[in-house]
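Okay, structure first, notes after.
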Amino acid sequence: MLKTVQEEDLKIIELENGQQSKLKILNLGATLFSFSLKDKNDKPVEVVAGPAQITDYISETYWEHNKCFGASIGRFAGRIAEGKFSIGEEDFKLEENLENAHLHGGANGFQTKIWEIKKITEAPNPSVKMTYVSKHMEEGYPGEVTVEATYTLTEDNHVKLSYRATTDRNTIINLTNHTYFNLNGGGSISDHFMQVNASKILELDENNLPTGNLTKLRDHPKDYRENKLLGNRELDDVYILDVMENEVQAQLFAPLTGIKLKVMSNQPVLVIYSPESLPADVVYLKKLDKNFPAVAIEAQNYPDAPNFRNFPSSLLKPGEVYENNIVFAFSVK
């Protein structure tokens, strides 16, 4: 990927609404590069935790870490055990780019591709539509898949992201967005409050692969059904949602800035990833603390869904349309 993508290939699309909020999208990986809005003191705050320069996204250092900052992940978000799955009687083998697993579409997944900019609309509610065509057997996945990602910035500071995909033969698909958020505009998220409408999480083994079992969150330290402080807790968990599309699935709030983020989607789970640290050798949009600098809230299907009959199907057939509709709704208290 690094040898084929050059600096001149990279393009940023900037969308601005009537509140002077600014959303920047990078065509590499259909990436949410930046989003800034005014806080409770009427000062602009950058809420995305990611690299400061677009050229960072094609550096050797960036891809050694492979943290997928803001990227659109595909063909399959999350892990697939041993990179193996079957469709009917046919078996498929993907690259294992992680120990015992295929992760986030492989080393050359959708996040590494230049997406074609198809349409840009101006305010009110400015938007950009991008597409990518994934060839048959790319990274080992069957079928030629055409994917569309549309970002819209509404006048009330909702960042809407719509993924659509079609295929010419049976395949599997699971898309998500991997933006890291810090509603303080820097520092740590340990003072953020979070609430997640999920009473269960997916049980994972020592390799972070699903066992197929669900864990009830009653009296569990990772139970966020009630709004509570994030603190210094590392999270990398699959929350099984109790609410449906158009309902608030998760909320994040930073008292320092008064900025609140509500997440809504049509997906069955949220993967919530709050790492203890992010790579220290990356220059970020804003100065981040070494410890607990950001959190990603990823709306998607279950990881390793093709290998569990009790998980929602990830199969996409010709004539069908896959859709993942995500809303990051920002407000200021």
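The values are calculated or read from the model by the stated rules, or taken from the named source; none is laboratory data. No experiment lies behind these values; they were computed from the predicted model shown. For neighbour counting, all protein chains shown are included, and Cβ atoms are generated from backbone atoms with ideal geometry for every residue, glycine included. Each accessible area value is taken on the protein alone, full model and side chains, heavy atoms only, with ligands, DNA and RNA left out. Shrake-Rupley method; radii C 1.70, N 1.55, O 1.52, S 1.80 Å.
Examine segment 251-261 for a residue that is in contact (Cβ under 8 Å) with a residue 12 or more places away in the chain, open to solvent by less than 10 Å² (accessible area, probe 1.4 Å) and within 16 Å of the chain's Cα centre (by Cα), and state whether such a residue exists.
Yes, segment 251-261 has at least one match.
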Which pairs have Cβ atoms under 7 Å, sit 6 or more apart or on different chains, and link a residue in segment 14-43 that is on the phi > 0 side of the Ramachandran plot to one that is β-branched (Val, Ile, Thr)?
Gly29/Thr112
Number of the condition not met by Asp39 [criteria: (1) acidic (Asp, Glu); (2) crowded, with 20+ Cβ neighbours inside 10 Å; (3) within 24 Å of Pro275 (Cα to Cα)]:
(3)
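Look at Asp9 and say whether it is of a type in the set (Asp, Glu), under 27 Å from Glu138 (Cβ atoms) and under 20 Å from the mean Cα position of the chain (by Cα).
Numbers: of a type in the set (Asp, Glu): yes; under 27 Å from Glu138 (Cβ atoms): yes; under 20 Å from the mean Cα position of the chain (by Cα): no.
No: the conditions fail for Asp9.
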On the given criteria, is Tyr224 among the hydroxyl-bearing types (Ser, Thr, Tyr) and either touching a helix residue (DSSP H, G or I) at 6+ places or on another chain (Cβ under 7 Å) or part of a loop (DSSP other than H, G, I, E, B) (or both)?
yes
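Report yes if Asn208 is surrounded by 17 or more Cβ atoms within 10 Å (Cβ to Cβ) and at pLDDT below 95, otherwise no. Please lay out each step first, then the result.
On the way: surrounded by 17 or more Cβ atoms within 10 Å (Cβ to Cβ): yes; at pLDDT below 95: yes.
When the stated conditions are applied, Asn208 passes them.
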How many residues of segment 47-65 are in contact (Cβ under 8 Å) with a residue 60 or more places away in the chain and open to solvent by less than 20 Å² (accessible area, probe 1.4 Å)? The answer is 6
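Looking only at segment 93-121, which residues are open to solvent by less than 20 Å² (accessible area, probe 1.4 Å) and touching a strand residue (DSSP E or B) at 6+ places or on another chain (Cβ under 8 Å)?
Within segment 93-121, the subset open to solvent by less than 20 Å² (accessible area, probe 1.4 Å) is 94, 101-102, 105-106, 109-112, 115.
Matches in segment 93-121: Leu94, Ala101, His102, Gly105, Gly109, Phe110, Gln111, Thr112, Trp115.
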Just name the residue that is nearest to Glu148 (Cα to Cα) out of those in segment 173-205 that are small (Gly, Ala, Ser) and open to solvent by 10 Å² or more (accessible area, probe 1.4 Å).
Gly185
